[in-house]
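Notes for the one structure printed next.
What follows draws every value from the coordinates through simple rules; no lab data is involved. On a predicted model such as this, the values are computed, not experimentally measured, just so you know. Please note: Cβ atoms are built from the backbone with ideal geometry, for glycine as well, and neighbour counts cover all protein chains shown.
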Amino acid sequence: MRKVKSQIKPLKATRTAKITFALNANLCQQAENWLNSQWTQHDYTYSSLSELIRKGLQAYQEGEIEINLTERDKNAPKREITVRFGSNPDLLNFYYSLPYSQRTAIIEESLQVYLEKLNAKELEKYVKVIEPKPKPQPKLTPYYLLNFICDKCGDEYEEDTAYSYAPSVKEINKYYTYCWECVK
Ligand SMILES: [Zn+2]
């Protein structure tokens, strides 16, 4: 296999602040799949892979995410991605402040972790949607009965109102009945 001397190729056109990275192709594909899923839901928060990469690096810069460079698979197939930093000179300066030999690794890992974070958020949204509503509490219904015994206090009543969770009077014997004193 050809040895890649440097994975970072700062382009000469510094005015536009474009940097081309050779990034894990599988990771790029994952990021693009995620973007596509957002766009099909009409969510255009992130407009491109380049933007996701910038947001990942920014999250790392701001200490929002933690990355582990040892987890990186250096020999994974690569894909060249050009990222524009023109709109964010701060981020570009941060990038150049990183150790030269770790820059691509940091870009890759930031993207990976940032994407995981976005996915977790996504999942949270989904869980909220499917969360079951609390079951309605059964209601006590008053029924006028010729006679009944209150299941709480044991008193006997004649021609009085009994309270029951029974949905209809026909089912009254399947449920406990309470006198008015025991439900107030
Ligand atoms: Zn009672």
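Worth pointing out:
- Label-to-label distance for LYS152 and LEU140 is 0.4 nm, based on points extended 7 Å past Cα in the beta-carbon direction.
- Here's the picture: charge each Lys and Arg Cβ at +1 and each Asp and Glu Cβ at -1 in the chain, and of ILE172, PRO132, LEU69 the one pushed furthest to the positive end of that dipole is LEU69.
- Charge tally around TYR143: other residues with Cβ under 11 Å, Lys/Arg +1 each, Asp/Glu -1 each, net -1.
- Charge dipole (Cα centre; +1 on Lys/Arg Cβ, -1 on Asp/Glu Cβ; no other charges) of the chain amounts to roughly 1980 debye.
- In this structure, the pairs whose alpha-carbon distance is over 26 Å, taken from LYS55/LYS78; LYS55/LYS125; LYS133/LYS184, are LYS133/LYS184.
- Computed over segment 45-184, Kirkwood Rh from alpha-carbon pairs, angstrom: 20.9 Å
- Exposure proxy ranking for CYS182, CYS150, based on other Cβ atoms within 10 angstrom of each Cβ and starting from the fewest, stands as CYS182, CYS150.
- Total formal charge among the other residues, if their Cβ is under 14 angstrom from that of GLU71, Lys/Arg +1 and Asp/Glu -1: -3
- Distance between segment 47-115 and segment 140-184 - C-alpha centres, whole angstrom: 70 Å
- Rg over Rh for segment 141-183 works out to 0.90, both radii taken from alpha-carbon positions and Rh defined as the Kirkwood radius.
- Only helical runs count toward this figure. For the chain, summing -39,500 (n - 2.57) over DSSP H runs of n ≥ 4 and dividing by all residues gives -12500 deg cm²/dmol at 222 nm.
- Working from Cα pairs under 8 Å separated by at least six residues, relative contact order for the chain is 19 percent.
- Ranked for footprinting exposure by Cβ neighbours inside 10 Å, fewest first, ILE53, ILE81 give ILE81, ILE53.
- Neighbour counts of C-beta atoms inside 10 Å place ASP151, ASP90 in the sequence ASP90, ASP151, starting with the fewest.
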